[in-house]
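Dropping a structure here in structure tokens format, bear with me for questions.
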Amino acid sequence: MRVINFGSINIDHVYRVEHFVRPGETLRSDDYKVFSGGKGANQSIALAHAGVQVLHAGKIGRDGAWLKHKLEEAGVDTVLIEMTEAPTGHAIIQVNKEGENAIIIHGGANESVVDDDIQRVLDACEAGDFLLLQNEINSVDRVLLEAKKRGLFIVFNPAPMTEAIKSYPLEAVDIFIINQVEGEMLTGKKEPLEIIQEMQKHYPRSKTVLTLGKEGVIYADAKHQLSKKALDVVAVDTTGAGDTFIGYFLAGVVSQSPVEKALEMAISASALCVTRAGAADSIPGREEVKSKFNLL
Ligand code: RIB
């Protein structure tokens, strides 16, 4: 089974800072690096590292050819990536001493998706394919509608979360992968278990994975609910940890692993990711994850 991931590809400009810049403040950064990123591309790389056949669909500008090569090096099929005249999307990322981040994104080519692109990408999908989406390209609502008509299995990570997402045809989604902020905006509830309950109420046939950072993760479907603790690691840079989790979790679903095992691999891979700098570059390989955490 394959995953088609229709998502963003970004150039990440990463600045190490003492603290996140405050209103009116000019802040010096002594460490600046450029990495490949974008929630979409990171998730494709995580899927490939986890051993899944993945096609990334998306748009870049001429300045983004190196990002396409990065995806190819990781084993991602890039036949559905188009080069446009718009500049490649980018992110300005501050990373503080605790390894936390604050991110500004500029969509660029990621937001130049037109109806023809949606048809082209969905025409490449076959029965049984998984379609993975985030919220860093435009027209996600149209993609959801069209994909549902074609009977694809849809996995949605509504990040970055916006008010507009609430009016998307979310009943089309088979698996939601959300964090607490996204869950709160989607359901109006703050407490993790209340978020899960509301998700089940509004989308009874969907599965929800709620990630809670250091508190671990909760999974729920119509019949089961289970929680798993996070692993205790020293964070260097948390950028891309959520994307790593999603790629590895979906890899488990695609290979029909028990949910508990899929979550265990995803938690372990994202724990390893936060111990390194960068987004795509910090995503570990499957064998490394297994040997580091003694997983079968
Ligand atoms: O999830 C991390 C990603 O968010 C970064 O790579 C950045 O590009 C933004 O899209």
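Could you pull out every one of the strands (runs of 3 or more DSSP E) wholly within region 44-99 that has 2 or more residues that are small (Gly, Ala, Ser), under 18 Å from residue 33 (Cβ atoms) and in contact with a His (Cβ under 9 Å, 6 or more places away or on another chain)?
89-95
Here is a check on your reading of the model: is residue 29 loosely packed, with under 14 Cβ neighbours inside 10 Å and of a type in the set (Gly, Ala, Ser)?
Yes.
Restricting to region 268-296, name every residue that is aliphatic (A, V, I, L, M) and more than 14 Å from the chain's Cα centre (by Cα).
Of everything in region 268-296, those that are aliphatic (A, V, I, L, M) and more than 14 Å from the chain's Cα centre (by Cα) turn out to be 271, 272, 274, 277, 289, 295, 296.
Please specify each residue of region 213-261 satisfying the condition of being away from the ligand (no atom under 16 Å from the Cβ), under 18 Å from residue 158 (Cα atoms) and of a type in the set (Val, Ile, Thr).
Hits for region 213-261 are 217, 218.
Can you name the residue in region 88-130 that is among the acidic types (Asp, Glu) and closer than 22 Å to residue 213 by Cα and, of all such residues, is nearest to the ligand (Cβ to nearest atom)?
100
Right, something else. So if I check each of 93, 9, which one is crowded, with 21+ Cβ neighbours inside 10 Å and touching a helix residue (DSSP H, G or I) at 6+ places or on another chain (Cβ under 6 Å)?
Criteria check complete, one pass: 9.
Name the single residue, out of those in region 273-289 being assigned to a helix (DSSP H, G or I) and more than 16 Å from the ligand (Cβ to nearest atom), that is most open to solvent (accessible area, probe 1.4 Å).
By that ranking, first place goes to 287.
Another question, then. So residue 113 fits all but one of (1) under 22 Å from residue 67 (Cβ atoms); (2) open to solvent by 30 Å² or more (accessible area, probe 1.4 Å); what number is the exception?
(2)
The values are calculated or read from the model by the stated rules, or taken from the named source; none is laboratory data. Computed from a predicted model, the values in this text were never measured in an experiment. Because the Cβ atoms are built from the backbone with ideal geometry, glycine has one as well, and the counts that use them run over all protein chains shown. These accessible areas exclude ligands, DNA and RNA; they are computed on the full protein's heavy atoms, side chains included. Shrake-Rupley method; radii C 1.70, N 1.55, O 1.52, S 1.80 Å.
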